[in-house]
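Trainee: Can you keep this structure in mind? I'll have questions shortly.
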Amino acid sequence: MRLLTAIALVIFCTILFLLRSELPRIPLSMINNKKLLPLNATPAAQTIPASEASQHAGKRMTVCGRIASEHIATSSRATPTFIYLDKPYPDRVFAVLVWESDRASVGAIPSSGMLCATGVIASYRGTPEIVVKDAKSWYVPK
């Protein structure tokens, strides 16, 4: 069995070598280096308003809205912070969730103004949310 595998590998490599010599070369000047992404890069997320987030549950998106209210659930396990966009609790439209264990890596999120959060949209008790784990997952739009 090993001999057959080795023979198949030699044949495959030989075919690749022969085909490689027939392929045209692409000049480096034709490659747009700005569009190349590293192998571990994640694709850019589409940006949507907070009011549309419920239609995109399970998708990686950037959700933007005006900060309406903030609540730190000190009596809950893991002490989550909820930042509600567009409408305050209980009429919430969208929530940005920051767990206490992630607060240091998330940094200081403003308490007013516009906010955008990037991540996979989940739904908790009917409210769409994104869990923010670091400072790269949110920004204040210009």
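The values are calculated or read from the model by the stated rules, or taken from the named source; none is laboratory data. Since the structure is predicted, the reported quantities are computational estimates derived from the model, not experimental observations. Positions of Cβ are generated from backbone atoms using ideal geometry, with glycine treated the same way; all protein chains shown enter the neighbour counts.
Trainee: Please verify whether F82 is surrounded by 10 or more Cβ atoms within 10 Å (Cβ to Cβ), at pLDDT 90 or above, out of contact with any Pro (no Cβ under 8 Å at 6 or more places or on another chain) and aromatic (F, W, Y), treating the condition exactly as stated.
Mentor: yes
Trainee: Yes or no: F94 surrounded by 14 or more Cβ atoms within 10 Å (Cβ to Cβ), at pLDDT 90 or above and touching a His at 6+ places or on another chain (Cβ under 8 Å)?
Mentor: no
Trainee: Out of the residues in region 97-111 that are over 18 Å from A122 (Cβ atoms) and of a type in the set (G, A, S), state the one that is surrounded by the fewest Cβ atoms within 10 Å (Cβ to Cβ).
Mentor: A108
Trainee: Inside region 88-113, can you point out the residues that are closer than 14 Å to S51 by Cβ and either assigned to a helix (DSSP H, G or I) or of a type outside the set (D, E) (or both)? Don't jump to the end; show me each part of the working.
Mentor: Applying the first criterion (closer than 14 Å to S51 by Cβ) to region 88-113 yields 91-95.
R92, V93, F94, A95, listed by residue number.
Trainee: If you don't mind, another one. Starting from region 95-114, take each residue that is assigned by TED's automatic domain parsing to the domain that holds T127 and list its partners that are assigned to a helix (DSSP H, G or I), counting only C-beta distances under 7 angstrom and pairs at least six apart or across chains.
Mentor: Short answer, once both residue conditions are applied: V98/V106; S105/A135; V106/A135; G107/A135.
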